[in-house]
Amino acid sequence: NGINIEPNVTLHKAFLNLRKRDMNLNIWVGPDSGDSLDFYVIQPDTLSTFDAKSAKQYEAEWHSILSVEKVPIISLDEVFGKYVWEKHVDFISIDTEWYDMQVLQSNDWKKNRPDFVILETLEYKRNGNWEKLNATYDGFFESHQYSKFADTYINTIYVSSEAMDTYKISKE
């Protein structure tokens, strides 16, 4: 069990029904705690976004904007403080389409240290191309004493220095 963060109100309701042992939050994680953002719910919902420009582009491509919802923002540090309650976190997965670094930067990595972080490091760019972002994320995680554990080309898993010791993971 764990915490699921889903800004799409329809998908959040599915989490409430299907993941009853989890804490399911209808929020956005970012640096500006206390604010809210417009979330564009688009058909199909996989295109839903906080980015107004992308929403308008999808609409021009014959996708419907079903609604625009105000979604509260809290930092990752605040998620840990309010909802984790000093428990150890083994694993977090972050996939926010263009906002991953903002989510990562909103955490206090000295205080909140999950063992493993999986991150989508192959990012679709608005111009239709793909970009591998390991150069950006590898340095960020190294600065917080995390090492690259595995890379599937689409996703990269980083492991904390503490977990490397606990699980006897070699850097080689």
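Bear in mind that the values in this text are calculations on the coordinates, not laboratory data. Please read these numbers as outputs of a predicted model, since none were measured by experiment. When we count neighbours, we look across all protein chains shown, and the Cβ atoms used for this are built from the backbone with ideal geometry, even at glycine.
Quick notes
- The GNM of the chain, with springs linking C-alpha atoms under 10 angstrom apart, assigns the highest mean-square fluctuation among 76, 119, 11 to 11.
- Sparse packing (at most 14 other Cβ atoms within 10 Å of the Cβ) combined with a DSSP loop state is found for the following trypsin sites (Lys or Arg not before Pro) in the stretch 89-172: 110, 111, 125, 126, 168, 171.
- Cα gyration tensor, the stretch 45-172 - rounded (a/c under 1.5), prolate or oblate: oblate
- Between helix 9-18 and the chain: long-axis angle, C-alpha atoms, 0 to 90°, nearest 10: 50 degrees
- Here the Gaussian network model covers the chain, with springs between Cα atoms less than 10 Å apart; of 86, 142, 123, 86 fluctuates the most.
- Three-way shape call for the stretch 53-111 based on the alpha-carbon gyration tensor, with the a/c threshold at 1.5: prolate
- Sites listed here are chymotrypsin sites (Phe, Trp or Tyr not before Pro) in the stretch 1-109 whose DSSP assignment is loop and whose Cβ has at most 15 other Cβ atoms within 10 Å: 62, 85, 98.
- Gyration tensor (alpha-carbon) shape descriptor, the stretch 4-108, a/c threshold 1.5: prolate
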